[in-house]
Amino acid sequence: MKIEVLGNEKTVVAFLLAGIGGRVVTSREDVLRIVRESRDVSVFLVVDEYYPYDYDKDLPILVRIPGRR
């Protein structure tokens, strides 16, 4: 199972230092595009300001996390 974080640059760097990869996003549309295109990621940790509340699929799992501002 692969985990990836989606958020602002500070959050992505913090998780990268802990060994979890990620991508910098700037909008909810970026998050939805990445989730649709990623086939090997099972869980996405998404910063709350970019969390797409209208996401209704079971997989991959999106987990809302607080971000650094």
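Each reported figure results from applying straightforward, stated rules to the coordinates on display, with no laboratory input. Given the structure is predicted, the values throughout are model-derived calculations rather than measurements. Reconstructed Cβ throughout: ideal geometry from the backbone, glycine too, with neighbour counts over all protein chains shown.
Miscellaneous remarks
- Applying the criterion of being touching a Lys or Arg at 6+ places or on another chain (Cβ under 9 Å) and more than 15 Å from GLY67 (Cα to Cα) to the residues of segment 12-37, the residue that is surrounded by the most Cβ atoms within 10 Å (Cβ to Cβ) is VAL35.
- Of the residues making up segment 51-65, those that are free of Cβ contacts under 8 Å to residues at least 60 places away in the same chain and closer than 17 Å to GLY21 by Cα are PRO60, ILE61, LEU62, VAL63, ARG64.
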